[in-house]
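Okay, structure first, notes after.
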Amino acid sequence: MIELKINGKTFRTNVTPDTPLLWVLRDELHMTGTKFGCGIGQCGACTVQLDGTATRSCVLPISAVVGKAVTTIEGIGDTPVGRLTQQAWLDSEVIQCGYCQSGQILSAAALLKTNPHPDDAQIDEAMSGNICRCGTYPRIRSAIKRAIPIKGI
């Protein structure tokens, strides 16, 4: 039995240690907000936060998560920076098809947690591993900038 801390709650699962976190989240725990995209950690659809750092869950074995805090799209709104990021996403009307957006939000919230006033280059660098097939990159940048001046980040 493997014990995990996800979104502030403890979960136990009986999977092999090399099972990717993505599949534990989706198939075992039924948290389907984290999406499967490429399966090789390149597109960012599967992004979660591991101890506050944006991390690709499709290539992360569950054994690497033990003893660490995982935050998914289902839990990011429970954090101040996550709540502000999600609101900025809505206010900027970022979402088009929406498939990549949970990963985009998790990456943006991780950036804003460590750097509440990023410039364009820092935003581009932090978000470079998240692909949006709909091309909402200008709206993503706008949402991140919209969240910047909000007090409390």
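The values are calculated or read from the model by the stated rules, or taken from the named source; none is laboratory data. Being a predicted model, the structure only gives us computed values, none of them experimental. Here the Cβ is made from the backbone with ideal geometry for all residues, glycine too, and neighbour counts use every protein chain on show.
Among the residues of segment 92-107, none qualifies, meaning not one is part of a helix (DSSP H, G or I), at pLDDT 95 or above and touching a Pro at 6+ places or on another chain (Cβ under 9 Å).
Any chance segment 80-95 includes a residue that's outside the structural domain of Arg56 (by TED's automatic domain parsing), under 13 Å from Gln49 (Cα atoms) and in contact (Cβ under 8 Å) with a residue 40 or more places away in the chain? Looking through segment 80-95, at least one residue is outside the structural domain of Arg56 (by TED's automatic domain parsing), under 13 Å from Gln49 (Cα atoms) and in contact (Cβ under 8 Å) with a residue 40 or more places away in the chain. Applying the set (1) part of a helix (DSSP H, G or I); (2) out of contact with any helix residue (DSSP H, G or I) (no Cβ under 7 Å at 6 or more places or on another chain) to Thr85 leaves exactly one unmet item: (2).
Would you please list the contacts, defined by Cβ atoms under 7 Å and residues six or more apart or on different chains, that run from a residue in segment 1-27 that is assigned by TED's automatic domain parsing to the domain that holds Gly52 and farther than 7 Å from Ile62 by Cβ to a residue that is modelled with pLDDT under 95 and surrounded by fewer than 17 Cβ atoms within 10 Å (Cβ to Cβ)? Note: pairs meeting the criteria are Arg12/Met1; Asn14/Met1. Among all positions in segment 143-151, there is no residue which is surrounded by fewer than 16 Cβ atoms within 10 Å (Cβ to Cβ) and touching a Lys or Arg at 6+ places or on another chain (Cβ under 8 Å). Counting the residues of segment 7-52 that are within 14 Å of the chain's Cα centre (by Cα), surrounded by 21 or more Cβ atoms within 10 Å (Cβ to Cβ) and not in a loop (DSSP other than H, G, I, E, B) gives 6.
Restricting attention to segment 54-82, the residues that are among the aliphatic types (A, V, I, L, M) and part of a loop (DSSP other than H, G, I, E, B) total 4. Does Ile131 satisfy the condition of being in contact (Cβ under 8 Å) with a residue 60 or more places away in the chain and either surrounded by fewer than 19 Cβ atoms within 10 Å (Cβ to Cβ) or on the phi < 0 side of the Ramachandran plot (or both)? Yes; evaluated as a whole, the condition is true for this residue.
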